[in-house]
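Take a look at the structure set out below.
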Amino acid sequence: MSAIPPKEGWYYTKIAKEEKIWIGLALVVCLGLFATMILWHVYGKQNPSFTTYKTNVHEFNALYDAFVEKYKVGEEHGFAVVKPDPNTDVFMRAQIWRWEPVLILKKGESYRFHLASTDFLHGFSLQPINMNFMVYPNHDYVLTFTPTEAGEYKVICNEFCGVGHHLMVGKIVVEE
Amino acid sequence: MFRTCDITGFKVDRKVEPLIKANAVVAVVSLLLGVTGALLLVLTRWQVVHLLLPDWYYRMLTFHGLNALVFWIVFFEIAGLYFGSTIILNCKMSTPGVGWFAFILTILGFGLVNYAVLAGKADVLFTSYVPLRAEPVYYLGIILFAVGALIACFLFLANLKKAKQEKTYEGSLPLFTYGLLAACIIAILTIATGAIIYIPTLLWSLGYIKSLNPAMYKLVFWGFGHSSQQINVTAMISIWYLGAFLTVGGTSINEKVSRIAFMLYIIGINVASAHHILSDPGVGTEFKIFNTSYIMYIAVLASLIHAFAVPSAIESAQRRRGFTKGLFDWLINAPWGNPAFSAVLLGMLGFGFIGGVTGVINGMEQTNTIIHNTLSLPGHFKGTVVIGTTLTFMGAAYYIVPLVFRKKIAFFKLAQLQPWIFAGGVALLSSSMYILGAFGIPRRHYDITFTGSAFTHTFNPATDLFWVLFAIGGILAVTGALIWIIIIVVSVFFGKSLTGPQDMQLAVASPAPEAKEHKGLEAPGTLVLSILFMVVFLTFIALNYGWLTAMWEVK
Amino acid sequence: MAKEGEKTPFWLYVIEDPMLLLFMGVTIYAVFYLLWGVMELSNLPPIPEDLKKSILGR
Ligand code: HEM
Ligand SMILES: [Cu+2]
């Protein structure tokens, strides 16, 4: 005999009433959570669903440079300041240890962000509203953002990318 | 070569005892290393002290993650697997020699990894996302360790087979061992995934492979990294069932349900790894929703079933012992003086209310963007793997010391307090971390004032308060862990030997008497507690979705 | 396992066979997580040409 034998005939025991209630409730909640995620895609406005394109450092840098040249309006601390037209494609590059360029956007307009890294993984963490996405090398992560409030936002890196990781801060200004 | 335990009546194979002891001792050493790292991390992240320099902060983070999450837990689990497949089944270890071989491999791995990390050859954190590159010795260490652990899993299966052939037990496996079987199966597929990812990475580090795809790496890594957390959960729940039995003589009110829940784990829990890539480019929405919900909720359902089954086992046993007044008389009159009991109970509460509630938020596609890589994330798993798994294992050790090491528990009064100190500390630590993360504070970050950066960001000043709570919680948790380590080390190496049942400080409860007459519900108190839990859970989810609506729109 | 003479419910065979459990666990995970994930990652489209043209002006 084992040291702690199961009750004899355990596989015939009827499930107690309260356990049945609980399992039923738990099942309903689980299905509810499943439905929530899907319904949020239909009715919600914040979904990290997206397109990912395959790219490479060379190609992404070329696109980035062309984008910056087209919309550049100035410089700040050695970062290009760029003011793209609404409803256009916006390229943001992550590289140790910078987020480039500084962007000026308009409230209520949509922008198709293309996020990619040219070296390691980085974390795109938009503050202070606290939205967080991952950025990979060789993958162009396309997210369409619509800023809902004017103000100054920062992009901090929240995936470890080397010893200067904590210096990696970018800036996005949203105008009325 | 058996001795018969004069306390439990278990038959104990003398060959397996030293194996269990060796693994348990290394587990404690790993925890000590992990906790030392934790103290340094707390004192660095709390920027009033800001103790370490950046390179050592990241090095310590790597060190802490590996020693606490990997070595402490896995060595302890190996000891548990041997215990559950031999002593519990009245059976001898099938091949103790191979057990020692596995032990040597794991020790080698443990040594190499810690050497690599401390020598600065592996500043990649325990996730080592490519293209961050560690030196080959690091990956080699991990691989050796994993092979050793895999062998231990196969030994467990071999022991089960031997016990069955020799008919050392009749009928079904005990529920505890059945749970360990589930953990072992998950471990086998986890370690197989580890091989798929670490072998190419080793070759890449050696220069034989030119480049690795970072998205593939992260996908497969979490197939390994998250599944290994499921091993911990499964082993922990098995110990909960064992704990309910040892401390109050409670058995699951319906073993069928408990066993099916373990089976659901095996089927459903591994795809949950997908919640690590919810905010990532690469895989599509269907992949994300299917894997984190459709299948994973099989696992969530199983967890909810266990969350009911264990306390109801305790409640039902207590009621049959005569604590029938009101809803919670059974709980108030539970054996709180038994540190193993309080450890298991506090572990359960913490795991459910902190780890479980936050975990489902993290695992839902949209709300994941709120917590992804913020301090909320380690906040969540402090609630699962520290207050849940670690505290449960600590509780189990209070039985292992007298029953396997045959020593009295030193400083018994302190031992009775220890679970409370540790649970209180971790609960404070993890909830502060969760809240700090909600303010946007990143995890794995040396300096949230961004000194020296071109742009800086100032977090909400309310965070200052939560940093203080974070520090207090962290220091309390470290204290609780150190107390436990001291108690265990002193008992095992310098303690009084146990001469017989009269020296046993913890009860080994006899099974609770049969119910006389079935009237009404068997465990009404548990039902009320569970429903309370559900309300907290749903409120929290609703809050998070409400919060989402205040953000930028994104699609 | 049921005692002799009793009828063993079918599901008992399913949940008590370690190899069957291992098989179910591995298959579901390998197909839905690993295989599906690797397929998606290896079939990502390149950046569309007209998008590139509109940015690069060529
Ligand atoms: C005993 C008290 C403990 C304290 C005070 C503590 C504290 C911390 C702190 C401050 C961090 C760093 C968060 C960051 O800067 O990103 C951390 C990370 C972590 N802790 Fe603990 N910890 C403790 C125990 C444990 C235990 C027992 C485990 C595992 C079983 C564990 C697993 C981890 C892991 C996996 C990380 C993440 C490392 C990474 O981001 O790479 N901790 N802990
Ligand atoms: Cu970065």
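Hey, got the dipole for chain B? About the Cα centre, +1 on K and R Cβ, -1 on D and E Cβ, debye to the nearest 20? Write out the running numbers ahead of the final one.
Details: 34 positive and 22 negative charges, 228 e Å.
With Lys and Arg at +1 and Asp and Glu at -1, about 1100 debye.
Roughly what angle does helix B:391-403 make with the longest principal axis of chain B, taking Cα atoms, 0 to 90 degrees, to the nearest 10?
Once rounded, one gets 40 degrees.
Can you send over the carbon and sulfur percentage of the accessible area for the range A:51-175, probe radius 1.4 Å, protein chains only?
Accessible surface attributable to carbon and sulfur in the range A:51-175 totals 48 percent.
Take B:Leu538, project a point 7 Å from its Cα along the Cβ direction, then tell me which residues of the range A:35-49 have their backbone nitrogen under 15 Å from it.
Inside the label zone: A:35-36.
Can you work out the FRET efficiency for the pair B:Leu118 and A:Asn61, with r the C-beta to C-beta distance and R0 = 30 Å, to the nearest 0.05?
Between B:Leu118 and A:Asn61 the formula returns 0.20.
Tell me: how much accessible area in total is hidden between B and A, 1.4 Å probe, Å², nearest 100?
So the total buried area for this chain pair works out to about 8400 Å².
Near B:Lys11, within a Cβ-to-Cβ distance under 11 Å, what is the net charge of the other residues, with Lys and Arg +1 and Asp and Glu -1?
Value of the local net charge: +2.
So how tilted is helix B:296-320 from the main axis of chain B? Cα-based, degrees 0 to 90, rounded to 10.
Helix B:296-320 and the main axis of chain B meet at about 30 degrees.
Between B:Leu469 and B:Trp420, what is the label-point separation in nm under the 7 Å Cα-to-beta-carbon projection?
2.1
Between A:Ala26, A:Ala80, A:Ala150, which gets the highest mean-square fluctuation from a Gaussian network model of chain A, Cα cutoff 10 Å?
A:Ala26
Cα axis of helix C:18-29 to longest principal axis of chain C: angle in degrees, 0 to 90, nearest 10?
20
What does the buried accessible surface come to for C and B, summed over both chains, with the probe at 1.4 Å? Round to 100 Å².
On the way: alone 5760 and 23350 Å², together 26500 Å².
So the buried area, both faces added, is about 2600 Å².
Kindly state, to the nearest 0.05, the FRET efficiency for B:Lys21 paired with A:His41, given R0 = 60 Å and r defined as their beta-carbon distance.
Taking R0 as 60 Å, the efficiency between B:Lys21 and A:His41 is 0.65.
Put +1 on the Cβ of each Lys and Arg and -1 on the Cβ of each Asp and Glu in chain B; which of B:Val257, B:Ala152, B:Leu345 then has its Cα farthest toward the positive end of the dipole?
Farthest towards the positive end: B:Ala152.
With every protein chain present, what is the per residue accessible area of the protein assembly as shown (1.4 Å probe, Å²)?
Value for the protein assembly as shown: 36 Å² per residue.
For the protein assembly as shown, what are the per-bin percents of Cα-Cα distances with bins 20 Å wide, up to the bin holding the maximum?
All Cα pairs, binned at 20 Å, distribute as 16, 50, 28, 6, 0 percent.
How many angstrom lie between the C-alpha centres of the range B:281-306 and the range B:483-503?
44
Between the range A:66-136 and the range A:24-62, what is the C-alpha centre distance in whole Å?
The range A:66-136 and the range A:24-62 have Cα centres spaced 22 Å from each other.
B:Val98 to B:Leu51: FRET efficiency via 1/(1 + (r/R0)^6), r the Cβ-Cβ distance, R0 35 Å, to the nearest 0.05? Don't skip to the answer; put the middle values down first.
Working: r = 44 Å, r/R0 = 1.26.
Computed FRET efficiency for B:Val98 and B:Leu51 comes out at 0.20.
For A:Leu105, what residues show an amide H to amide H distance below 5 Å, using hydrogens built from the backbone and excluding near sequence neighbours?
Here the answer is A:Val173, A:Val174, A:Glu175, since their amide H atoms fall under 5 Å of that of A:Leu105.
What's the buried accessible area, both sides, between A and C using a 1.4 Å probe, rounded to 100 Å²?
1600
Got a number for the accessible area of B:Asp6? Probe 1.4 Å, square angstrom, nearest 10.
Approximately 70 Å² of B:Asp6 is accessible to the 1.4 Å probe.
Over the protein assembly as shown, what is the percentage of antiparallel beta bridges among all DSSP beta bridges, to the nearest 5?
Values: 38 of 53 bridges.
Roughly 70 percent of the beta bridges in the protein assembly as shown run antiparallel, per DSSP.
Counting pairs of alpha carbon atoms under 8 Å apart in space and at least six apart in sequence, what relative contact order in percent does the range B:13-171 give? If you can, show how the numbers build up before the last one.
Numbers: 205 pairs, mean separation 45.2, N = 159.
28 percent.
When the accessible area of the range C:10-56 is split by element with a 1.4 Å probe, what percent falls to carbon and sulfur?
76
For a label point 7 angstrom out from the Cα of B:Thr168 toward its Cβ, which stretches of the range B:133-154 have the backbone nitrogen within less than 20 Å?
B:151-154
Can you give me the relative contact order of chain B as a percent, contacts being Cα pairs under 8 Å and 6 or more apart?
Averaging sequence separation for qualifying contacts and normalising by length gives 15 percent for chain B.
Using Cα centres only, tell me the gap between the range B:19-84 and the range B:162-186 in whole Å.
Each part reduced to its Cα centre gives a spacing of 31 Å.
How charged is the neighbourhood of B:Val401? Take every other residue with its Cβ under 10 Å from the Cβ of B:Val401, and add Lys/Arg as +1 and Asp/Glu as -1.
+3
With the dipole of the protein assembly as shown worked out from charges on the C-beta (+1 for Lys and Arg, -1 for Asp and Glu) around the Cα centre, which of B:Ile107, A:Ile172, B:Thr168 lies farthest toward the positive end?
Value: B:Thr168.
What does the charge dipole of the protein assembly as shown about its Cα centre add up to, to the nearest 20 debye, if the Cβ of each Lys and Arg holds +1 and the Cβ of each Asp and Glu holds -1? Walk me through the intermediate numbers first.
Details: 55 positive and 48 negative charges, 388 e Å.
Result for the protein assembly as shown is approximately 1860 debye, rounded to the nearest 20.
What is the local net charge at B:Gly495, summed over the other residues whose Cβ is closer than 12 Å to its Cβ (Lys, Arg +1; Asp, Glu -1)?
Values: positive: B:Arg406, B:Lys407, B:Lys408, B:Lys496; negative: B:Asp503.
That works out to +3.
Name the residue from B:Ser227, B:Phe83, B:Leu43 whose Cα lies farthest towards the positive end of the charge dipole of the protein assembly as shown, charges +1 on Cβ of Lys and Arg and -1 on Cβ of Asp and Glu.
B:Phe83
Just the number, please: carbon plus sulfur as a percent of the accessible area of chain B, 1.4 Å probe, no ligands or DNA/RNA counted. Show your work: numbers first, answer last.
On the way: 12750 of 18070 Å².
Looking at chain B in its full context, I get 71 percent from C and S.
The values are calculated or read from the model by the stated rules, or taken from the named source; none is laboratory data. Because the structure is a prediction, the values reported are computed rather than measured. Quick reminder, even Gly has a Cβ in these numbers, built from the backbone with ideal geometry, and neighbours come from all protein chains shown. In case anyone asks, the SASA skips ligands and DNA or RNA and just uses the protein heavy atoms, side chains included. Shrake-Rupley method; radii C 1.70, N 1.55, O 1.52, S 1.80 Å.
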